[in-house]
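What follows is calculated from the coordinates using simple rules that are stated; it is not laboratory data. Here the structure is a predicted model, which means the values were calculated and not measured. Cβ coordinates were reconstructed from backbone atoms using ideal geometry, including for glycine residues, and neighbour counts include every protein chain displayed.
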Amino acid sequence: MSIAIVGAGAIGGYLGVKLAEAGEDVTFIARSNAEAIARDGLRLIEEDGKEVHARGIKATRSMQEAGRHDLVLLTVKAHQVGPIAADLKHLIGPDTTVVTMQNGIPWWYFTGGHGGQYEGTKLETADPGGLIAQNLDPRQVVGSVVYPAAILTDPGTVKVIEGNRFGLGELDGSKSERVLAISQTLTKAGFKAPVTTDIRGEIWLKLWGNLSFNPISALTHATLEDICRFPDTRALATEMMKEAETIANTLGVTFRVGIDRRIAGAEKVGAHKTSMLQDVEAGRPIELEALVGSVIELGRLVGVATPHIDSVYALMRLLAQSLERANGRLAIAGA
């Protein structure tokens, strides 16, 4: 199977190394480090400390140069998809499947016959200006929920903090041949890749933590375990999650675990910095709209108030604006 991985960050690198080592034909689409990947390969440090160095991996900056593939793993962050959406056509043929691996509410949420009275509704926070929907056919899309935590320790090295599970699901809830084939490919590479008939429910379960832990972490510079163990931030995360659960329930989604169990799962990850905190410290654009703004937009759509989410969102928007204006970064450093 020919696989194009769009984005050579922590998750893209993790997937690419394991798939290449399993014998798959992998090509990275990487904006900043394609030459280095093609020359030096990528090194992966797994959760148990085992190191894998994948060499001879194809990498390019150009989707047109890469050409069509059987499978496209879209691993860039949510706010990065729109700007590259028009170029994705170079990777996609009539039989290509695109797996969306972004956090947050996806642009395709109300497609596939599962939108109910909201079928076809466009979410501006998930797809500003509708650029993604204009360039990606949802019939070629399989949804995914990314559970692993990983970081880039340097541009050529990915370190896995925790997890190897990538949930997969067709937008219409079916267990198609293609989604089962993708699951088998990921499983062969050493991942857990369960196929769900309720991909939206799985997305909400992941988002439940992201919409609370990510901005709280970015604002306080605290790790997951610190947020969960500090009574005030644990209480704030709980209230944000309650508001989100009400929205999800209104849309017909039922969570298979409770809030306390979801928080306990985050605490178990330990002293991990969320992706949003890592972006604040590195001075990168913040993945705010897909993780938080989209929940507020859905709340307005279904008539559910979100006062706690609104407050945290306002603080994060101002922080993001301040960092962007200064072209700066923010981190706590020891004396």
Checklist entry - When ranked by the protection proxy of mean other Cβ atoms within 10 Å per residue, highest first, what sequence do the peptides 134-140, 46-52, 247-253 form? => result 247-253, 134-140, 46-52
Checklist entry - Amide H to amide H under 5 Å from His53: which residues, 5+ apart in sequence or cross-chain, H placed 1.01 Å off N in plane? => result Leu44
Checklist entry - Over the stretch 201-326, what relative contact order in percent results from Cα pairs under 8 Å that are six or more residues apart? => result 36
Checklist entry - Using modelled amide H (1.01 Å from N, peptide plane; none on Pro or chain starts), what sits under 5 Å from the amide H of Gly283, excluding residues fewer than 5 places away? => result Leu330
Next on the checklist: Using alpha carbons only, how many angstrom separate the centre of the stretch 176-210 from the centre of the stretch 289-335?
Outcome noted: 28
Checklist outcome for this item: What helix-only [θ] at 222 nm does the chain give? Using -39500 (n - 2.57) per DSSP H run of at least 4, over all residues, to the nearest 500, the answer is -13000 deg cm²/dmol
Checklist entry - On full extension of the chain, what length is gained from Val302 through Glu47, given 0.36 nm per residue of separation minus the C-alpha to C-alpha distance? => result 87.7 nm
Checklist entry - How would you order 205-216, 280-291 from highest to lowest mean count of nearby Cβ atoms within 10 Å? => result 205-216, 280-291
Checklist entry - If you wrap a convex hull around the C-alpha atoms of the stretch 1-118 and split its volume per residue, what is the figure in Å³? => result 127
Item to check | Residue-wise HN-Hα coupling along the stretch 40-48, computed from phi with Karplus coefficients 6.51, -1.76, 1.60 (Hz; x: Gly, Pro) | outcome: 10, x, 10, 10, 10, 9, 7, 4, 8
Checklist entry - Among [x] 1.08; [y] 1.04; [z] 0.94, which one is Rg/Rh (Cα atoms, Kirkwood Rh) computed from these coordinates? => result [z]
Item to check | Computed E for Glu162/Glu124 - FRET, C-beta separation, R0 35 angstrom, nearest 0.05 | outcome: 0.60
Checklist outcome for this item: Here FRET efficiency (C-beta to C-beta, Leu318 to Lys206, R₀ 30 Å, nearest 0.05) is 0.70
Checklist entry - Past the 31 Å Cα-Cα mark, which pairs from Lys89/Lys122; Lys122/Lys159; Lys77/Lys188; Lys50/Lys89? => result Lys122/Lys159; Lys50/Lys89
Checklist entry - P(r) for the stretch 104-196: what percent of alpha-carbon pairs falls in each 5 Å bin, starting at zero? => result 3, 12, 18, 18, 17, 16, 12, 4, 1, 0
